[in-house]
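First comes the structure, then the notes that go with it.
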């Protein structure tokens, strides 16, 4: 038997900085000490504010402070930590900006002030209540971007697949010769994208947290890729989460809609919608402008209308959920004028992103797959349904008040054993222990060791936690890297 390490040869353009799904609070300062310039000319901000209170000193908060200072506003920054990781960088770049640590309560407020709330800070935070009770409308960095951007925007949200679709659309546009900037929740704060005024199009990954404080964005086209229960520790009910997601459609010229998502369609029915619609789904499309899948003599093809676009086996991304991601990316790029031939070339070259169903190693006939970006139940269910071999699943972390019941069916069909880590391992165990063998692991090294004993030739060891990582790691990337490290020691 041969042990093989898989090298991902996909060249990732410099426009991508993969850093999505960070927790509010500390980040690794050593990886983010680049200066932020925001050298764009001044734009007219709504209300003509002269002061700004920036709430939260993460990457987007820092970018907002720099941007607003360049716009001539007097800026105060507030962070709940007594020792914000990015404080030194803020003081170096903006020595005149005052930072208030240990509380988010705004101390200086005037009628011409702007309240800028970072995505990681919930609007329900008690320190914000006094201002919000007076009718102050909070804005985020995406809202500031929306008030200033001059070029077309493609806006992408959804519970799962956002980063993959955003990166793929960026690569397609770059391959087509467009001057494209990619950012948002995928890593580069949106306000930094305005540094280059030669960009002709922007591709934004947007989280629900960012959409909460966005009001003026007018994308050329927008999509909600899918809906799965996530961040239920932030939203009172699923309806609130869906309503926040579909805000992305409000100012959009065109809307791309996933027909497979019943809850999304129900949410959209509550809106007056006279926009141009493009549909995609896992079925054969009924209209010439819509996208879908069809099985022709045992081969799955991606279609627009009755035209086959590409065979699934020409795509380097595993699982039907990734075929839907490619359909969405194709529709988005096509809507802004990229030809099918150029899109197909870029799609066949795209190898995917780290930590998303990433094949790391083949060891004694066992595939070791890193899906650390599977931070909610829907993502892990999609990952399992995309595999066609017995699975040893490593899962667990912070559940975010998730309901693990939907995981049961996928686990029963695909998983021969599940190894659980992290704070809420017991919640997953309670949900699935009657349909699969479960065990607890102290940490990732223990989980990998247990998996190596259980796995047989033909099996897959899959890290797809269905949970956030912040109980054990700084982010999902660090969790995936830890899995890579320990699995690599088996080679």
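The table for this structure:
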read-out	value
Residue satisfying condition, being touching a strand residue (DSSP E or B) at 6+ places or on another chain (Cβ under 6 Å), at pLDDT 95 or above, part of a loop (DSSP other than H, G, I, E, B) and buried (at least 23 other Cβ atoms within 10 Å of the Cβ), within set 451, 466	466
Residue in region 306-324 that is modelled with pLDDT of 95 or more and closer than 16 Å to residue 163 by Cα present	yes
Those residues of region 228-239 which are surrounded by fewer than 24 Cβ atoms within 10 Å (Cβ to Cβ) and either within 15 Å of residue 157 (Cα to Cα) or in contact with a helix residue (DSSP H, G or I) (Cβ under 8 Å, 6 or more places away or on another chain) (or both), in sequence order	228, 229, 231, 232, 234, 235, 238, 239
Residue in region 157-177 that is surrounded by the fewest Cβ atoms within 10 Å (Cβ to Cβ), counting only those that are closer than 13 Å to residue 336 by Cβ and in contact with a helix residue (DSSP H, G or I) (Cβ under 6 Å, 6 or more places away or on another chain)	176
Test: residue in region 354-371 that is over 25 Å from residue 409 (Cβ atoms), outside any loop (DSSP other than H, G, I, E, B) and free of Cβ contacts under 8 Å to residues at least 40 places away in the same chain	no
Scan of region 216-230 for residues that are over 26 Å from residue 323 (Cβ atoms) and either in contact with a strand residue (DSSP E or B) (Cβ under 7 Å, 6 or more places away or on another chain) or at pLDDT below 90 (or both), ordered by number	217
Candidates 120, 102 - the one that is surrounded by 14 or more Cβ atoms within 10 Å (Cβ to Cβ) and either out of contact with any helix residue (DSSP H, G or I) (no Cβ under 6 Å at 6 or more places or on another chain) or not assigned by TED's automatic domain parsing to the domain that holds residue 59 (or both)	120
Residue list for region 395-409, restricted to those being in contact with a strand residue (DSSP E or B) (Cβ under 9 Å, 6 or more places away or on another chain), outside any loop (DSSP other than H, G, I, E, B) and surrounded by fewer than 24 Cβ atoms within 10 Å (Cβ to Cβ)	398
Unmet requirement for residue 474, which otherwise passes all of (1) surrounded by fewer than 21 Cβ atoms within 10 Å (Cβ to Cβ); (2) within 28 Å of residue 401 (Cβ to Cβ); (3) touching a residue at least 24 places away in the same chain (Cβ under 8 Å); (4) in contact with a strand residue (DSSP E or B) (Cβ under 6 Å, 6 or more places away or on another chain)	(4)
Inter-residue pairs, beta-carbon under 9 Å, first free of Cβ contacts under 8 Å to residues at least 12 places away in the same chain and in region 298-327, second part of a strand (DSSP E or B), 6+ apart	301/293; 301/294; 301/295; 301/308; 301/309; 301/310; 301/311
Criterion (in a helix (DSSP H, G or I), touching a strand residue (DSSP E or B) at 6+ places or on another chain (Cβ under 7 Å) and modelled with pLDDT of 95 or more) met by exactly one of 121, 182, 165	165
Verdict on residue 428 being crowded, with 23+ Cβ neighbours inside 10 Å, closer than 12 Å to residue 394 by Cβ and touching a residue at least 40 places away in the same chain (Cβ under 8 Å)	no
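Yes/no per residue for (1) in contact with a helix residue (DSSP H, G or I) (Cβ under 7 Å, 6 or more places away or on another chain); (2) surrounded by 17 or more Cβ atoms within 10 Å (Cβ to Cβ):
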position	(1), (2)
255	yes, yes
263	yes, no
266	no, no
276	no, no
282	yes, no
291	yes, yes
296	no, no
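The values are calculated or read from the model by the stated rules, or taken from the named source; none is laboratory data. Remember, predicted model here, so these are calculated numbers, not experimental data. All Cβ positions, even for glycine, are placed from backbone atoms using ideal geometry, and neighbour counts span all protein chains on display.
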